[in-house]
1. Excluding residue 38 itself, calculate the net charge of residues whose Cβ lies under 11 Å from the Cβ of residue 38, where each Lys or Arg counts +1 and each Asp or Glu counts -1.
2. For the range 149-195, what is the convex hull volume of its Cα atoms per residue in Å³?
3. Starting from the Cα-Cα distance between residue 16 and residue 70, subtract it from 0.36 nm times their residue separation and give me the gain in nm to one decimal.
4. So what is the diffusion coefficient of the chain in µm² per second by Stokes-Einstein at 10 °C and 1.306 mPa s, using a Kirkwood Rh over Cα pairs?
5. For residue 169, which sequence-distant residues (separation of 5 or more, or a different chain) have an amide H within less than 5 Å of its own amide H, given hydrogens modelled in the peptide plane?
6. Run through the DSSP bridge list for the range 123-279 and note the antiparallel percent, rounded to the nearest 5.
7. Kindly write out, for the range 179-196 in residue order, the coupling ³J(HN,Hα) from the Karplus curve 6.51 cos²θ - 1.76 cosθ + 1.60 (θ = phi - 60°), rounded to whole Hz, with x marking Gly and Pro.
8. Given the range 2-118 reduced to its alpha-carbon atoms as identical point scatterers, what log10 I(q)/I(0) does the Debye formula return at q = 0.09, 0.11, 0.17 Å⁻¹?
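Nothing in this text is a laboratory measurement; each read-out follows from the coordinates by a stated rule. Nothing here was measured: the structure is a model prediction, and the numbers come from that model. Here the Cβ is made from the backbone with ideal geometry for all residues, glycine too, and neighbour counts use every protein chain on show.
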Amino acid sequence: RVVYVNGRWRPFRSAVVHVEDRGYQFADGVYEVCEVRGGRLVDERRHTERLVRSLSELRIPLPLPLSALSVVLHEAVRRNRVRDGLVYLQITRGVARRDHGFPPPGTRPSLVVSAKRIDPAAGETAARAGIAVVTVPETRWARVDIKAIALLPNVLAKQAAREQGAREAWFVDRDGFVTEGASSNAWIVTGQGELVTRPVGPDILRGISREVVKDVATAEGLILVERPFTVAEALAAREAFVTAASQIVMPVVRIDGQPVAGGVPGPVAVRLRAAFHAHAE
Ligand code: PDD
């Protein structure tokens, strides 16, 4: 395995960044995770657009032109011979003497790109069983629409899930509404058959998979309602599921130990998962 670090391809075990990288010291950076399927990057354009937005919101310059970045992403896939897996990209504000304010002009942002294989059968097995989620209070900052590498609340939430035998955690805001998962967007299907997910805004990440599922839903004639939903609503829902580049559409069958949807994956989630890649780019 090789990893791209600031212009060079390094062996995986010796790929390192400086101790004064601002990503390391301040979590001052952004990232993207893109699915690789059949050797192709899924929805590269939308991931790149979101990356550019995250960078511009944080005023981090793009370390190389987008055309060059695209070459690096494809090279990561090719050099690591990934057919099915994920590409991880991270850009930080660069290496500089520790000082909270921005580093001197001319500081080069750091870019790391890696790719790894994932057995697609593992995802399919998980999707056939469905996953359990737990709920945790929303403790993140007010700009989680930026895909920042600062993920402490997500780390703690995911660990809480793991300790309770669950695969994902749902953040719940002060009013009792689910915002999103620790690394996914959250959805339910109501008793009326409506697909419900929280509208985009500063309180959720605009998931690329979320956008794709919106397109699938429209094409399949499903009714989509973008509004917040509560945990109680999710527990009473006909179905629940999450979306992310790393999970596609993953049925949720338990919330805080209580069965949802009779404890089995629902037909809408299964259908959305099956149709997903026909609508992704
Ligand atoms: N996470 N919300 C959060 C907080 C996320 O971290 C992610 C993705 C999503 C879904 O976004 P997308 O559909 O574009 O993957 C929503 C990635 C996969 C991760 O952190 O590993």
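1. Values: positive: 37, 40, 83; negative: 35, 84.
Result for the local shell: +1.
2. Hull volume over Cα atoms, normalised by residue count, gives 104 Å³.
3. Net length gain for the segment: 17.3 nm.
4. In µm²/s, the coefficient is 81.
5. Amide H to amide H, under 5 Å and 5 or more residues apart or across chains, residue 169 pairs with 134, 182, 183.
6. Details: 18 of 29 bridges.
Approximately 60 percent, going by the DSSP bridge assignments.
7. The phi angles translate into 8, 6, x, 5, 8, 6, 8, 10, 9, 9, 10, 6, x, 7, x, 7, 8, 10 Hz.
8. Rounded to two decimals, the profile gives -0.23, -0.35, -0.82.
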